[in-house]
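Beneath this line is the structure, given in structure tokens, with notes to follow.
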Amino acid sequence: MNFKISKKSKKSQARLGFMETPHGVVETPCLVPVATQAVVKTLASEEVEKTNSQILICNTFHLHLRPGEKFVEKAGGLHKFMNWKKPLMTDSGGFQIFSLGFGKDFNTGKVLKSTRNYTESYTELRRKNDEFSIKKGSQPRNVKITQDGVYFKSPVDGVKLFFGPKDSIKIQEKLRADIIFAFDECTSPIADYQYTKKSLNKTHQWAKVCLKVKKSLRLSSGQAHQSLFGIVQGGKYKDLRKESAKFIGGLEFDGFGIGGEFGSDKNLMPKMLDWVISELPEKKPRHLLGIGYLKDIEKIIKSGIDLFDCTVPTHYARRGIAFIHPHTKRSYGVGARRWAINLRQAKFLNNREPLDKNCVCNVCLNYKKNYICHLLRAGELTALKLLTFHNLYYFNNFVGEIKVKIKNGEI
């Protein structure tokens with residue numbers, strides 16, 4: 001992989017670049033749509049390409065469960081298996097340590113927010129009762145974390161399985177994506193300092209193992225096509241974030257992922273990214289893992305992020321939400337849906353306008369709100385396909401507009 005920076009902003013840390021891979025060039029900054037099971041849900045690969053998506057990320061853990069990496073390898077690797085001709089990433093399985101572990105136990109995401117089981121902010125809860133802190137030595141109910149790796153219970157059939165840094169790299173090598181990630185532990189936003197520090201030491205140890213295994217596989221197979229990204233962790237703690245960035249940044253990775261949680265206030269995220277980016281080598285790409293609401297995108301790009309993956313455009317589409325330009329409709333101020341409309345609402349049955357008058361995607365050019373509303377209310381799957389296509393096109397176009405701003409020196 002070859003990464004070149006073509007322009008750096010004078011007003012922020014934003015930058016334009018080109019990342020060359022065996023399956024084509026990715027222009028950065030760039031959204032990386034999530035294709036968990038080797039598919040962007042509801043869309044065929046050629047449809048995803050028409051949304052102007054440049055690169056996808058698949059899930060190593062879930063592909064190991066179904067169909068298994070040996071079947072993907074026999075098919076010629078992920079690109080041939082899913083008929084995707086552009087670049088691909090695979091994550092390491094590290095996020096599942098959190099999502100199937102403490103994330104499931106406490107019903108929390110990477111950023112704390114109110115949920116059905118967590119109706120108060122983390123700060124308020126901590127003031128009332130310290131039991132909501134995950135302390136050093138704590139273990140999730142359904143996941144066992146050790147120095148060598150993690151024992152999971154398969155969400156498919158309940159079978160016990162082990163995932164460690166060696167396993168993760170060997171599986172990703174068989175999947176044959178262009179870019180793979182080191183195995184890490186994604187910590188919970190309610191993990192205390194001592195837990196996070198111990199977790200970070202494991203992540204750093206695993207990073208060295210991943211590099212060693214990747215090097216040996218490269219020598220034995222003669223294949224040098226895959227690039228390996230290391231992952232920076234450290235939670236919300238400045239000294240741990242900077243320590244991790246220095247350590248991971250000092251190893252021979254081809255690029256860097258920034259993972260983990262961002263506390264209880266996402267407004268602090270740009271500052272937290274600054275802690276990390278100031279310690280990473282400037283000439284290598286930076287990927288922010290699992291963050292990408294519309295209100296976050298310009299902030300993270302201005303912080304110096306080159307790539308980011310998120311499920312927002314596809315996840316919301318499957319719930320009937322279409323993202324739109326805010327000046328085409330009044331603001332729909334419902335959290336993350338600040339620039340969005342819910343097509344399940346009956347009022348849209350009388351609306352003969354396109355989803356977004358300022359969008360030129362195939363859906364907006366050919367279909368109206370009343371039809372998509374009807375499909376949703378009738379339970380037709382085609383509605384999910386149309387909304388997913390539009391949302392991905394919209395997000396990619398949104399990032400494209402930010403690139404123009406960088407080019408023109410506006411941000």
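The values are calculated or read from the model by the stated rules, or taken from the named source; none is laboratory data. It should be emphasised that the depicted structure is a prediction, and the values quoted were computed from it without experimental measurement. Here the Cβ is made from the backbone with ideal geometry for all residues, glycine too, and neighbour counts use every protein chain on show. For the accessible areas, the whole protein counts, side chains as well, though only heavy atoms, and no ligand, DNA or RNA atoms are used. Shrake-Rupley method; radii C 1.70, N 1.55, O 1.52, S 1.80 Å.
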Given (1) farther than 30 Å from ASN2 by Cβ; (2) modelled with pLDDT of 95 or more; (3) open to solvent by 20 Å² or more (accessible area, probe 1.4 Å); (4) among the acidic types (Asp, Glu), GLU131 misses just (2)
Just name the residue that is most open to solvent (accessible area, probe 1.4 Å) out of those in region 385-411 that are touching a residue at least 60 places away in the same chain (Cβ under 8 Å) and in a loop (DSSP other than H, G, I, E, B). GLU410
Is there any pair with a first residue in region 173-189 that is under 17 Å from GLU20 (Cβ atoms) and a second that is at pLDDT below 95 and among the aliphatic types (A, V, I, L, M) whose Cβ atoms are under 9 Å apart and which are 6 or more apart or on different chains, and what are they? ASP178/MET1; ILE179/MET1
For region 1-9, check the following and say yes or no: at least one residue is surrounded by 15 or more Cβ atoms within 10 Å (Cβ to Cβ) and closer than 13 Å to LEU307 by Cβ. yes
Among the candidates LYS405, LYS369, LYS357, single out the residue that is out of contact with any His (no Cβ under 7 Å at 6 or more places or on another chain), within 28 Å of PHE308 (Cβ to Cβ) and at pLDDT 95 or above. LYS405
Whichever residue in region 231-276 is open to solvent by less than 50 Å² (accessible area, probe 1.4 Å), among the charged types (D, E, K, R) and touching a residue at least 40 places away in the same chain (Cβ under 8 Å) and, among such residues, is nearest to GLY304 (Cα to Cα): LYS266
Restricting to region 356-408, give me the number of residues that are closer than 18 Å to GLY292 by Cβ and of a type in the set (Gly, Ala, Ser). 1
Those residues of region 334-354 which are assigned to a loop (DSSP other than H, G, I, E, B) and at pLDDT below 95, in sequence order: VAL334, ARG338, TRP339
Kindly indicate the residue of region 65-80 that is more than 22 Å from ASP157 (Cβ to Cβ) and under 22 Å from the mean Cα position of the chain (by Cα) and also most open to solvent (accessible area, probe 1.4 Å) among those meeting that condition. HIS79
Can you spot a residue in region 268-279 that is aromatic (Phe, Trp, Tyr) and under 26 Å from PHE183 (Cα atoms)? yes
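Residue by residue, here is whether (1) in contact with a strand residue (DSSP E or B) (Cβ under 8 Å, 6 or more places away or on another chain); (2) more than 26 Å from HIS23 (Cα to Cα); (3) aliphatic (A, V, I, L, M) holds:
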site: LEU56; (1), (2), (3): yes, no, yes
site: HIS62; (1), (2), (3): no, no, no
site: GLY68; (1), (2), (3): no, no, no
site: ALA75; (1), (2), (3): no, no, yes
site: LEU78; (1), (2), (3): yes, no, yes
site: LYS85; (1), (2), (3): yes, no, no
site: LEU88; (1), (2), (3): yes, no, yes
site: PHE98; (1), (2), (3): no, yes, no
site: GLY101; (1), (2), (3): yes, yes, no
Considering residues of region 37-53 that are open to solvent by 30 Å² or more (accessible area, probe 1.4 Å) and free of Cβ contacts under 8 Å to residues at least 60 places away in the same chain only, the residue nearest to PRO87 (Cα to Cα): GLU49
Looking only at residues in region 357-384 that are open to solvent by 60 Å² or more (accessible area, probe 1.4 Å) and among the basic types (Lys, Arg), which one is farthest from GLU47 (Cα to Cα)? ARG377
Filter region 163-172 down to the residues that are surrounded by 22 or more Cβ atoms within 10 Å (Cβ to Cβ) and either polar (S, T, N, Q) or over 19 Å from the mean Cα position of the chain (by Cα) (or both), then identify the one that is nearest to SER227 (Cα to Cα). GLN172
